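Structure first, commentary second.
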Amino acid sequence: MTCPLTLYGISSCDTIRKAKAWLDNQHIEFEFHDYRKQGLNQHQLQSMISTLGWEAMLNRRGTTWRNLPATVKDQIDQDSAIRVMLDNPAIIKRPILARDNQLHVGFSTDQYEEIFS
């Protein structure tokens, strides 16, 4: 049986650690999908983008974004963002929480308290 809650991200991310700790402290069972180790295929990414939008998923604050060539950053659109996210999963904002056929981006205690209230 699969868990109805999946947390997507990268295990080395501090925000992922905080989200995992919050879920553990609340005794909420979840599966963790590390998209750096387990991958994220185009269908999964397209599905997330159709719900959240590519702009909401693209982390423009991290080092992965800063290390992209200026030509890529200056001309980013949905198609190029998908290619960049598939090639560099660390550029996807995290965590992405999948629960009850809904997706939520990011983590804060207040946000998760509202989601699980």
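Coordinate-derived values only; no laboratory data. Just so it is clear, the model here is predicted, and its values are computed rather than measured. Glycine also receives a Cβ, built like all others from the backbone with ideal geometry; neighbour counts cover every protein chain displayed.
With contacts taken as Cα pairs under 8 Å at a separation of at least 6 residues, the chain carries a relative contact order of 36 percent. Mind pulling the angle between the C-alpha long axis of helix 14-25 and the longest principal axis of the chain? Nearest 10 degrees, somewhere in 0 to 90. Approximately 20 degrees, to the nearest ten. Between Glu114 and Asp74, the simple label model (points 7 Å from Cα in the Cβ direction) yields a spacing of 3.8 nm.
Between Ile96, Ile28, Ile16, the residue with the greatest mean-square fluctuation in the GNM of the chain (Cα pairs under 10 Å linked by springs) is Ile28.
Each of Thr6 and Asp87 was given a label point 7 Å from its Cα along the Cα-to-Cβ line. The distance between the two points is 2.5 nm. Taking amide H atoms as placed 1.01 Å from N in the peptide plane, the amide H of Arg60 has no partner under 5 Å among residues 5 or more positions away or on other chains. A Gaussian network model of the chain, with springs between Cα atoms under 10 Å, assigns the largest mean-square fluctuation among Arg94, Arg66, Arg36 to Arg66. Pairs of C-alpha atoms in the chain farther apart than 26 Å represent 19 percent of all such pairs. Using just its DSSP H runs of length 4 or more, each adding -39500 (n - 2.57), the chain gives a mean residue ellipticity at 222 nm of -12000 deg cm²/dmol after division by all residues.
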